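The values are calculated or read from the model by the stated rules, or taken from the named source; none is laboratory data. Bear in mind the structure is a predicted one, so any value in this text is a computation, not a measurement. Positions of Cβ are generated from backbone atoms using ideal geometry, with glycine treated the same way; all protein chains shown enter the neighbour counts. Side chains are part of the model used for accessible areas, which takes the heavy atoms of the whole protein and leaves out ligands, DNA and RNA. Shrake-Rupley method; radii C 1.70, N 1.55, O 1.52, S 1.80 Å.
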Amino acid sequence: MTKTLVTGYPRVGSERELKFWTEDYFRGNLTADELQKNAAQLRLEQWKRQQRQGIDFIPSNDFSFYDGVLDTAYLLGAVPQRYRELGFNELDTCFAMARGYQGKSGDVKALSMRKWFNTNYHYMVPQLDEKTQLRLSGSKPFEHYSQALAEGIHTVPVILGPFTFLKLAQYKANRQPHDFADEITSAYKDILERFDKLGCEWIQIDEPSLVTDLTKQDIALFVKLYQKIHSFKGNVKLRLQTYFGDIRDIFKELINLGFDGIGLDFVEGRQSLELIEKHGFPKQTVLAAGIVNGKNIWHNDYKQSLELLGRLSSYTDKKNIVISTSCSLLHVPYTIENETEMQQIQKRRFAFAHEKLQELCDLQRIFDEGDFYKDSVYIQNTVLMREKLGTDEEIRKKTSALIQNDFVREPAFAKRAKIQKQALELPLLPTTTIGSFPQTREVKAWRSALKKGEISKQAYEQKLRSKTASCIDEQERLGLDVLVHGEYERNDMVEYFGERLDGFLFTRKGWVQSYGTRCVKPPVIWSDIRRTAPITIDIITYAQSLTQKPVKGMLTGPATILNWSFPREDISGREMAFQIALAIREEVLELEKAGIRIIQIDEAALKEKLPLRRSDWYSDYLSWVIPAFRLVHSGVKPETQIHTHMCYSEFEDIIEDIEDMDADVITFEAARSDLCIVDALKKANFKTQVGPGVYDIHSPRVPSKKEIEELITKMLKRIDKKKLWVNPDCGLKTRGEKEVMQSLQNMVDAAQSVRETLR
């Protein structure tokens, strides 16, 4: 009988319980024991749900208080000395690594944070240096396995693989991945031996880095690691799990390494089936076929999935095929049943994490029984797949009628820069923020009261205006040069715009973890997209009326709206991006007409959906995502300054493409990444004005004036003083008001001090 497998499950709770428990712990309102007890109960409930559903291979150790890569770093002893010196326990050490720490025990910055491959999830970057000694140092995976076993649930522990860990790590003191090969294999030997003693049958080792472009050195390192690991794995069976693409560069080597099971992605893995057809598959090896999409919420097409399973059964024994999710379900919400306000005709099209369990079991049963066409569930699914989503012919005509000139802004950048300098009269090292100010409990309470009908729209908008006025006053007091309105009216930078555009659906509880305690509620692109009314004009023009300094118009760009939504699967990304771009373009032109001189079009997620293989960059993504951004701003006047913002990705490889966006100013996350982006900008002779972030907003610590001065001085060695802006890494929405004001004051004071030395 075919079996089912889940590679990973959401962990924040269907009501975001883990988020609130953890934040209560940060505030001192919950003890560590209480936090651990609550988390253990949440894990148990989720294991039991998968068990009741009939899932055969249930994951454990997919749970984390903050991030699984961070947990692996602690497990392997990759804890930099500055965090060890704090003298904290495992929980608080991991939180210090993730968030930084500033208090009686010391003052440390957080580790760097990056996007997890092509998702909106963020991982903490392990840091390895000459003092690092990798060895088994933690107990979390064994504790979680034992907790499940005590309840009669046999789970499959999920461990990040040594190759991916070494590939994702940041290296200091000229250290390289191969320097740690012997240490890390010894550590994994100890992990396997410990699981063997616990009676564990299977272990899932995740190696998503195998779906990226691999060098000969990468392949040699992978083979070396696993030849050693296989030599002492004992009775434990190893399943090598990949996701987010195919493993074309290493498939032949991998299938000959003797793994007991191999998990392949058949959703994003374009060549996964072709590789098996061409090279075969070991008869005694379990094939975990990832056919249920772990990253999108549309219902699985059973006909397509069953046909694929049928083809796979030609190359391996049917009994060795396991029907699997394509990746962890961490990237989708918990259940569609929470969406009590969504129409049934819409709900029936979607499968969140709980529903994907049912999809796995449906496919298992239908595949085993074999007579697809008489199965009522199969028939219903086939009918569902034939239903068409809404189309707007007028919008489609507009996108198809676009010509080259629609994507070109005149005059060229150099001429615009001179015009803007004269029009804006900004000082050297102009200071600004990325956009949002802290969303206090008070502001969230207003929004909740409006939704419940407890206050009128007029009263709500008056409160927003009052808060916006206070924000402008505060920025004037701080001495910032370019102001923002604070974005108090916005629940989320994507959801807010989606709610005001035709074509989007919204969930009530469709929360997905982005990093740590930060969760987002991605909109669903349901039909073609158009703008029917102004979105931001009133509040931004009101803010501008309160000051003589320029106030930025704050918008979200087409790539970010698309990438941070659940996209349609029946039309191209290009079509959706251009539809969104036309809508945001209308808003840009109206802001300009209303007298807004600086407009920021955020593209925080530009890099996120860049194909993991370089050969696919232009054919599948950059050829339309960069033009989509240019389409948004190509119609503005020369004196209107266009900004954009990008964060928490490695942009070094696409610097030339970012320059091709033709923005006037680009702000980047930089404080957590040791100014790597600044070096890349210098190397590329980047012409655009830039604002690399001078402090980390995902940490509660307050940077000193001296610290920021030193950072600005370093930047000036690489960036022309006439091109450098001073700003935080990202928006300030999730931070507390007190720490924000202290940090911004130090930032402004530092900029002014450095400015004095340049005159």
For 275-288, 48-61, ranked highest to lowest by mean beta-carbon neighbours within 10 Å, the order is 48-61, 275-288
With x for Gly and Pro, the residue-by-residue ³J(HN,Hα) of segment 247-261, computed from phi through the Karplus equation 6.51 cos²θ - 1.76 cosθ + 1.60 at θ = phi - 60° and given in whole Hz, is 10, 4, 6, 9, 4, 4, 5, 5, 5, 9, 8, x, 5, 6, x
The size of the Cβ-based charge dipole (Lys, Arg +1; Asp, Glu -1) of segment 134-293 about the Cα centre, to the nearest 20 debye, is 340 debye
Karplus ³J(HN,Hα) for segment 68-79 (6.51 cos²θ - 1.76 cosθ + 1.60, θ = phi - 60°; Hz, whole; x = Gly/Pro) runs x, 5, 4, 4, 5, 4, 5, 4, 8, x, 8, 10
Helix 140-150: inclination vs the chain longest Cα principal axis, degrees, rounded to 10, gives 50 degrees
One would report the antiparallel percent of DSSP beta bridges in the chain, rounded to the nearest 5, as 20 percent
Amide H neighbours of A605 at under 5 Å, excluding residues fewer than 5 places away on the same chain, with H built from the backbone geometry, are T560
Long-range amide H partners of G263, meaning residues 5 or more apart or on another chain whose placed amide H is closer than 5 Å, are L240, Q241, T242, A288
Expressed per residue, the solvent accessible area of the chain in Å² (1.4 Å probe) is about 39 Å²
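Taking all protein chains as present, what is the carbon and sulfur share of the accessible area of the chain, in % to the nearest whole number, probe 1.4 Å?
Carbon plus sulfur share of accessible area: 46 percent.
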Computed, not fitted: 222 nm per-residue ellipticity of the chain from DSSP H runs ≥ 4 (each -39500 (n - 2.57)), nearest 500, equal to -12500 deg cm²/dmol
One finds the C-alpha centres of segment 346-362 and segment 382-428 to be spaced, in Å, by 36 Å
Sequence order, segment 273-289: Karplus ³J(HN,Hα) from phi using 6.51 cos²θ - 1.76 cosθ + 1.60, θ = phi - 60°, Hz rounded, Gly and Pro as x, gives 5, 4, 5, 5, 5, 7, 10, x, 8, x, 4, 8, 8, 6, 9, 8, 8
Most packed first (mean Cβ within 10 Å per residue), the peptides 73-80, 417-424 order as 73-80, 417-424
Restricting to lysines and to Cα separations under 19 Å from K3, and discarding same-chain partners fewer than 8 apart, the set is K48, K237, K283, K303, K318, K319, K356
Taking r as the C-beta separation of L716 and K283 and R0 as 56 Å, the FRET efficiency to the nearest 0.05 is 0.35
Any residue on another chain or 5+ positions along whose placed amide H is under 5 Å from the amide H of Q689 is listed here as I666
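Of K347/K451; K216/K278; K140/K252; K115/K140, which pairs sit farther than 28 Å apart, going by alpha carbon to alpha carbon? Could you put the intermediate results ahead of the total?
Working: K347/K451 22 Å; K216/K278 21 Å; K140/K252 34 Å; K115/K140 24 Å.
Exceeds cut-off: K140/K252.
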For the chain, averaging the sequence separation of alpha carbon pairs under 8 Å that lie six or more residues apart and dividing by its residue count, the contact order in percent is 13 percent
Restricting to aspartates and glutamates and to Cα separations under 14 Å from K738, and discarding same-chain partners fewer than 8 apart, the set is E474
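Applying a 10 Å radius around every beta-carbon, put 464-475, 394-405 in order of their mean neighbour count, most first.
On the way: 464-475: 18.5, 394-405: 11.6.
The peptides rank, most packed first, as 464-475, 394-405.
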The convex hull of the Cα atoms of the chain, divided by residue count, gives a volume in Å³ per residue of 159 Å³
